[in-house]
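Visitor: This is the structure, below, for whatever I ask next.
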Amino acid sequence: MDMDVATLARAQSQNRVLIGAGLMVLPGLFGRAWVGSAALDDRASVLARSLGARDLALGVAGLVALRDGDRRWASRAFAAQAFADGVDLVAIVAGRRVPLGSRLVGGVMAGGSAAVAAAYARRLAAGEA
């Protein structure tokens, strides 16, 4: 299957909306990918819901910008996604008390997401998308 970065970016925004909503509604279940069983802790639920709200907003911003066809706005929306995912990657990898499996899965997800969002933001800014 041959997918271009625009298709990946749209799918990523849709996925971000779903994961964001999941983190807000079921933080223990959706948070396990990031921190393992510690996601079941009430204190972790607060952070998972906050992360979920952030991802929901970033995903909706990307989808609205794509729908409206505003390259400048879309470029900024995807740059914001790339920044957030880059921070996530650093935090996940640095989380020494987080189970290795969670760091690997979360790190791959965050790194891949950051790369797609950054590539698409660059293409939009250059007028290539």
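Visitor: Considering region 81-129 alone, what residues qualify as being open to solvent by less than 30 Å² (accessible area, probe 1.4 Å) and among the charged types (D, E, K, R)?
Guide: Across region 81-129, the qualifying residues are ASP85, ASP88.
Visitor: Something else: Residues of region 35-53 being surrounded by 18 or more Cβ atoms within 10 Å (Cβ to Cβ) and within 12 Å of the chain's Cα centre (by Cα), which ones?
Guide: LEU51, GLY52
Visitor: I need a count of the residues in region 10-51 that are over 21 Å from GLY107 (Cβ atoms), charged (D, E, K, R) and either in contact with a strand residue (DSSP E or B) (Cβ under 7 Å, 6 or more places away or on another chain) or touching a residue at least 24 places away in the same chain (Cβ under 8 Å) (or both).
Guide: Looking only at that region, the number is 2.
To keep it simple, each residue is scored yes or no on (1) more than 23 Å from ALA38 (Cβ to Cβ); (2) touching a Cys at 6+ places or on another chain (Cβ under 9 Å); (3) at pLDDT 90 or above; (4) not polar (S, T, N, Q).
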| site | (1), (2), (3), (4) |
| --- | --- |
| ARG67 | yes, no, yes, yes |
| VAL93 | no, no, no, yes |
| PRO99 | no, no, no, yes |
| SER102 | no, no, no, no |
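Visitor: Also, quick follow-up: Looking at region 1-31, which of the residues that are part of a helix (DSSP H, G or I), more than 15 Å from the chain's Cα centre (by Cα) and not polar (S, T, N, Q) is surrounded by the fewest Cβ atoms within 10 Å (Cβ to Cβ)?
Guide: VAL25
Visitor: Something else: Of everything in region 39-61, what is charged (D, E, K, R) and under 28 Å from ALA9 (Cα atoms)? Give them in sequence order. Lay out the reasoning, then the answer.
Guide: Taking region 39-61 as the starting set, the residues that turn out to be charged (D, E, K, R) are 41-43, 49, 54-55.
Once the filter is applied, which keeps residues that are charged (D, E, K, R) and under 28 Å from ALA9 (Cα atoms), region 39-61 yields ARG49, ARG54, ASP55.
The values are calculated or read from the model by the stated rules, or taken from the named source; none is laboratory data. No experiment lies behind these values; they were computed from the predicted model shown. Cβ sites come from the backbone with ideal geometry, for glycine too, and all protein chains shown count toward neighbours. SASA here: full protein model, heavy atoms, side chains in, ligands and nucleic acids out. Shrake-Rupley method; radii C 1.70, N 1.55, O 1.52, S 1.80 Å.
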